Amino acid sequence: MNKKYRKTIIAGNWKMNLLPSEVKPFADELRALLPKTKSCEVALLVPFTHISTLRRSLKDNRISYGAQDVSVHDKGAFTGEVSAEMLADLNAHYVTVGHSECRQYHGDNDFIVGQKALAVLEKGMSPIICVGESLEQRDRSLTMEYISYQVLAALSFIPEGKERQIVIAYEPIWAIGTGKTATPQEAQDVCEGIRSVIREKRGARVARSVSILYGGSMNPKNAKELLSMPDIDGGLIGGASLKPQDFAQIISAVTEVTGEE
Ligand code: PEP
């Protein structure tokens, strides 16, 4: 499968870490460390409270930014929620939907995840749709069955012709924040499976154009091997995105893989 038809994306998911006052120093340091690359889009997904500061601190468009969640509603009496239109108004580019922590702690199910993905798309941004199996599902050899179900459920909300705007992140739950990583081959097999599901539903041209990321304890040591896999088009990175040095090294791994260095 040829990667030239899709973007490579390295996206940092800060979760609920760092303070607004730490955003500018982080952005300055990362910008200084960032390797020159045409083959990789870099994004930071930060808490809502950090977006405006990040936007100002990034100065140019070498780094995209976005949010980690969004409301399914457009506007109105939804205390505490943030709409897709609000994020689009800040020029956000990406929004993760269905992160396993949102599925676990906020009760986001596949229906809500699909609605959120559509809300993001409708405002011209790209949803990063997260899917992933639990340890129990993996131990019972149910990984691909479960992931296919999640991908199909999300796809059913994506209008035809809009698929190129979505990103899928395969994040095995047992690998998130645990230091355990899927082996490159395990991650490749699932990402390839996800592409097959897209191919069956929306055709080969669409399938080859959708970026599929791996997430789950990716770090500067294991990034190159994971990113070398034919169906892994980048990473969604939690812990290692909180240190500019580590994050920049992961971006450098892309340039090593693509031979830009
Ligand atoms: C994540 O939060 O999406 C993630 C992959 O976290 P970590 O890299 O820390 O496992």
Number of the condition not met by residue 260 [criteria: (1) over 15 Å from the mean Cα position of the chain (by Cα); (2) away from the ligand (no atom under 15 Å from the Cβ); (3) in a helix (DSSP H, G or I)]: (3)
Pick from region 207-228, criterion surrounded by 20 or more Cβ atoms within 10 Å (Cβ to Cβ) and more than 16 Å from the ligand (Cβ to nearest atom), ranking: nearest to residue 27 (Cα to Cα): 210
Pair list, Cβ under 6 Å, 6 or more apart: region 187-198 residue touching a residue at least 24 places away in the same chain (Cβ under 8 Å) and farther than 16 Å from residue 235 by Cβ, other residue of a type in the set (S, T, N, Q) and surrounded by fewer than 23 Cβ atoms within 10 Å (Cβ to Cβ): 197/148
Count - residues of region 195-228 that are assigned to a helix (DSSP H, G or I) and out of contact with any Asp or Glu (no Cβ under 8 Å at 6 or more places or on another chain): 13
With the condition kept exactly as written, say whether any residue in region 19-42 is within 16 Å of the ligand (Cβ to nearest atom) and either assigned to a helix (DSSP H, G or I) or surrounded by fewer than 16 Cβ atoms within 10 Å (Cβ to Cβ) (or both). no
Look at region 140-162 and say how many of its residues are in a helix (DSSP H, G or I) and either among the hydrophobic types (A, V, I, L, M, F, W, C) or under 15 Å from the mean Cα position of the chain (by Cα) (or both). 7
Would you pick out the residues in region 67-113 that are at positive phi and small (Gly, Ala, Ser)? 76, 80, 98, 107
Residue pairs qualifying under the 8 Å Cβ cut-off, at least six apart or on distinct chains, with the first in region 232-243 being of a type in the set (Lys, Arg) and the second being surrounded by fewer than 24 Cβ atoms within 10 Å (Cβ to Cβ), are none
Answer yes or no: is there a residue in region 194-210 that is in contact with a Cys (Cβ under 8 Å, 6 or more places away or on another chain) and over 17 Å from residue 133 (Cβ atoms). no
Give me the pairs, please: first residue somewhere in region 206-220 and free of Cβ contacts under 8 Å to residues at least 24 places away in the same chain, second residue anywhere and away from the ligand (no atom under 15 Å from the Cβ) and among the polar types (S, T, N, Q), beta-carbon distance under 9 Å, and either six or more positions apart or on two chains. 207/196
Any idea which residue in region 177-187 is nearest to residue 160 (Cα to Cα), counting only those that are modelled with pLDDT of 95 or more and in contact with a Ser or Thr (Cβ under 9 Å, 6 or more places away or on another chain)? 187
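Matching residues to (1) within 16 Å of the ligand (Cβ to nearest atom); (2) surrounded by fewer than 23 Cβ atoms within 10 Å (Cβ to Cβ); (3) at pLDDT below 95:
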site	(1), (2), (3)
81	no, yes, no
105	yes, yes, no
129	yes, no, no
132	yes, no, no
173	yes, yes, no
Filtering region 229-247 down to residues that are part of a loop (DSSP other than H, G, I, E, B), near the ligand (Cβ under 7 Å from one of its atoms) and not small (Gly, Ala, Ser) yields none
Test result for residue 45, touching a residue at least 60 places away in the same chain (Cβ under 8 Å) and within 23 Å of residue 235 (Cα to Cα): yes
Residue 178 vs (1) in contact with a helix residue (DSSP H, G or I) (Cβ under 8 Å, 6 or more places away or on another chain); (2) over 20 Å from residue 8 (Cα atoms); (3) within 14 Å of the ligand (Cβ to nearest atom): all pass except (1)
On the basis of being within 16 Å of the ligand (Cβ to nearest atom) and under 24 Å from residue 117 (Cα atoms), does residue 203 make the cut? no
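The values are calculated or read from the model by the stated rules, or taken from the named source; none is laboratory data. Owing to the predicted nature of the structure, the values given are computational and were not obtained by experimental measurement. Cβ atoms come from the backbone with ideal geometry, glycine included; neighbour counts cover every protein chain shown.
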